[in-house]
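**Q** Okay, here's the structure, questions in a sec.
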Amino acid sequence: MFDPVEKLKEFIRHPSVSADPAFKAGMQGALDFTTGLLASIGFDVEVVKTDLHPIIMASRGTNPAWPHVIIYGHYDVQPADPLHLWQSPAFEPEIRGNRLYGRGAADNKGPLMVHIAAVARLLERRPDLPLRITFMIEGEEEMGSPSFPKFLAAYGDRLKQADLVYLSDTLLPSEDQVVITCGLRGLVLCDVVVTGPKSDLHSGLHGGVLRNPIQAIAELCASLHNPDGSVNIPGFYDDVMPVEPWEKEEIKKLGADAEAYRKFLGIPAFYTAKGATPFEATRVLPTLEFNGIGGGYQGEGTKTVIPSKAFVKLSCRLVANQKPAVIRDLLYKTISERMPSDVTFEIIDQHQGVPYVVVPPDRTNTPPDQSPVLANAFRAADQAIAAVFGKPPLYLREGGSVPIIADIKRMTGLDSVMIGLFLPEDNLHAPNESFNLDVMAKGMRASERILEAIADR
Ligand code: BES
Ligand code: MN
């Protein structure tokens, strides 16, 4: 059996930034590393070519009578910039205290390594384990998985043969409190570009006769929320799934420490929509955020200019049962209605993701036709987590998005069992990303038990 921490370091040393073509070699390195590791523990590996970064399909076990688990992960990472804020270089993994630092340590190389190591140990102990396992590991998650729909169309029939998807690409609130993630938010991303005059103008010569596009963008942005924090787009909340009582209870069990959360964020006060607590707000409510805004002169000193263009980058996080296409149209309609006729504008669609929800067994709203293998997997996860982490898991929806999970559900009917394994302090997408090695060790023990219990039913 390999040393999982050493292997994780090796994985991180391949700089697999999917969004940046300059990291082509790093992507190839991470791909080869992963396929090599899976082959070394006895998996048949297939590398599925896509228009961009290949998808790894690696499997063991062929007996159709055995349960079949697809383990999902991604080998790509976010860009590491700003580089100067890293205490140790992003792609030179370093252990400090009980943490392993490096880009991708938590999102998603560490959690993926947890499951690969758990499988390796389990198969070493029980080479004849009656379980079919398929690793499905993509390289475009951090850029919105553009190749995944095509892949699903081609491989959907094969994936349908499986019983469930199993993954760790979500959060646990603290080291001893694991979460089984029952939902992910969806996304609608777009840029709005406003054009005023056909070129930049001297503000002394022409100021006073036209609307500045920065003003138009600012007025638009200011109109998109109500004073109470809710999104001011008619119809925006129409399809939002009501929160079930059991869900409220789960959130309450978590909600003890709002003050610590406030301090962690470094804000003077919370600002949530619809009177939600901070712990409900990110999990069961949709949002509209501004991710970037620009126009005009950004340099030193002053420049008396009226810019020709200004822009804002917008994103909505959606909850079950909101539909990205519907929200996108409402957004478009609202912007059209509110944009003054003395400027022109354009909406540039970026990617979208469908929200996902799965109800674990024994809840009031569990679908009556839930597959026994899925229900058994949830119960196995509950027991294994309680035994290894010393506390039963909480069942919570998550604020982040892994859009392919809903796509898999739609195309194949498969649900996902998601075990949160990264912590708020792991700095995902930020400088000094790290993975907690105690969580890693416990995660491996829990995952090994979960997979064994799925096999033994
Ligand atoms: N692992 C994250 C999703 C996540 C983040 C789950 C935080 C729970 C908490 C995933 O890799 C990610 O970053 N997803 C993106 C969306 C994607 C389409 C770029 C996200 O949520 O912004
Ligand atoms: Mn991720």
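Residue-by-condition table, conditions (1) closer than 18 Å to G36 by Cβ; (2) in contact with a strand residue (DSSP E or B) (Cβ under 7 Å, 6 or more places away or on another chain); (3) within 16 Å of ligand 1 (Cβ to nearest atom):
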position	(1), (2), (3)
P89	no, no, no
I95	no, no, no
A105	no, yes, yes
P111	no, yes, yes
A120	yes, no, no
E140	no, no, yes
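**Q** Then there is this: Which of (1) more than 16 Å from ligand 1 (Cβ to nearest atom); (2) of a type outside the set (K, R); (3) under 30 Å from L83 (Cβ atoms); (4) in a loop (DSSP other than H, G, I, E, B) is the odd one out, the single condition G400 does not satisfy?
**A** (1)
**Q** Hey, A258 hits all of (1) under 24 Å from V358 (Cβ atoms); (2) at pLDDT below 95; (3) open to solvent by less than 40 Å² (accessible area, probe 1.4 Å) but one; which does it fall short on?
**A** That leaves (1) as the condition not met.
**Q** If D76 passes every condition in (1) touching a residue at least 40 places away in the same chain (Cβ under 8 Å); (2) over 25 Å from P15 (Cβ atoms) but one, which one does it miss?
**A** Of the numbered conditions (1) touching a residue at least 40 places away in the same chain (Cβ under 8 Å); (2) over 25 Å from P15 (Cβ atoms), the odd one out for D76 is (2).
**Q** Please return the ranges of strands (runs of 3 or more DSSP E) entirely within the range 158-240 where 2 or more residues are more than 22 Å from the chain's Cα centre (by Cα) and in the same structural domain as V343 (by TED's automatic domain parsing).
**A** Filter on the range 158-240 gives 186-195.
**Q** Further question on the same structure: Can you name the number of the only condition in (1) over 30 Å from L171 (Cβ atoms); (2) touching a strand residue (DSSP E or B) at 6+ places or on another chain (Cβ under 7 Å); (3) in a loop (DSSP other than H, G, I, E, B) that S341 fails?
**A** Looking at each condition in turn, S341 falls short on (2).
**Q** Only residues that are away from ligand 2 (no atom under 14 Å from the Cβ) and under 30 Å from E280 (Cα atoms): list them for the range 147-171, please.
**A** L164, V165, Y166
**Q** Same structure again: So which pairs qualify, if the first residue must be in the range 136-154 and open to solvent by 10 Å² or more (accessible area, probe 1.4 Å), the second must be part of a helix (DSSP H, G or I) and more than 14 Å from ligand 2 (Cβ to nearest atom), the Cβ gap must be under 7 Å, and the two must be at least 6 apart or on different chains?
**A** Here the result reads P149/D407, each pair linking the range 136-154 to a residue that is part of a helix (DSSP H, G or I) and more than 14 Å from ligand 2 (Cβ to nearest atom).
**Q** Are there any pairs with C-beta distances below 7 angstrom linking a residue in the range 390-408 that is free of Cβ contacts under 8 Å to residues at least 60 places away in the same chain to a residue that is more than 16 Å from ligand 2 (Cβ to nearest atom), with the two at least 6 apart or on different chains, and if so which?
**A** Qualifying pairs under 7 Å: P392/D382; P392/I385; P392/A386.
**Q** Has the range 174-184 got at least one residue that is surrounded by fewer than 19 Cβ atoms within 10 Å (Cβ to Cβ), farther than 30 Å from A381 by Cβ and of a type in the set (G, A, S)?
**A** Checked against the condition, which is being surrounded by fewer than 19 Cβ atoms within 10 Å (Cβ to Cβ), farther than 30 Å from A381 by Cβ and of a type in the set (G, A, S), the range 174-184 yields no hits at all.
**Q** May I ask you to list the residues in the range 322-335 that are surrounded by fewer than 17 Cβ atoms within 10 Å (Cβ to Cβ) and either out of contact with any strand residue (DSSP E or B) (no Cβ under 8 Å at 6 or more places or on another chain) or in the same structural domain as D415 (by TED's automatic domain parsing) (or both)?
**A** K323, V326, D329, K333
Let's see how each residue does on (1) farther than 22 Å from C221 by Cβ; (2) open to solvent by less than 60 Å² (accessible area, probe 1.4 Å); (3) at pLDDT below 95:
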position: P268; (1), (2), (3): no, no, no
position: G275; (1), (2), (3): yes, no, yes
position: V284; (1), (2), (3): yes, yes, no
position: I306; (1), (2), (3): no, yes, no
position: M339; (1), (2), (3): no, yes, no
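The values are calculated or read from the model by the stated rules, or taken from the named source; none is laboratory data. Computed from a predicted structure; not experimentally measured. Methodologically, a virtual Cβ is constructed for each residue, glycine included, from the backbone with ideal geometry; neighbour enumeration extends over all protein chains shown. What goes into the accessible areas is simple: the full protein's heavy atoms, side chains included, and nothing from ligands, DNA or RNA. Shrake-Rupley method; radii C 1.70, N 1.55, O 1.52, S 1.80 Å.
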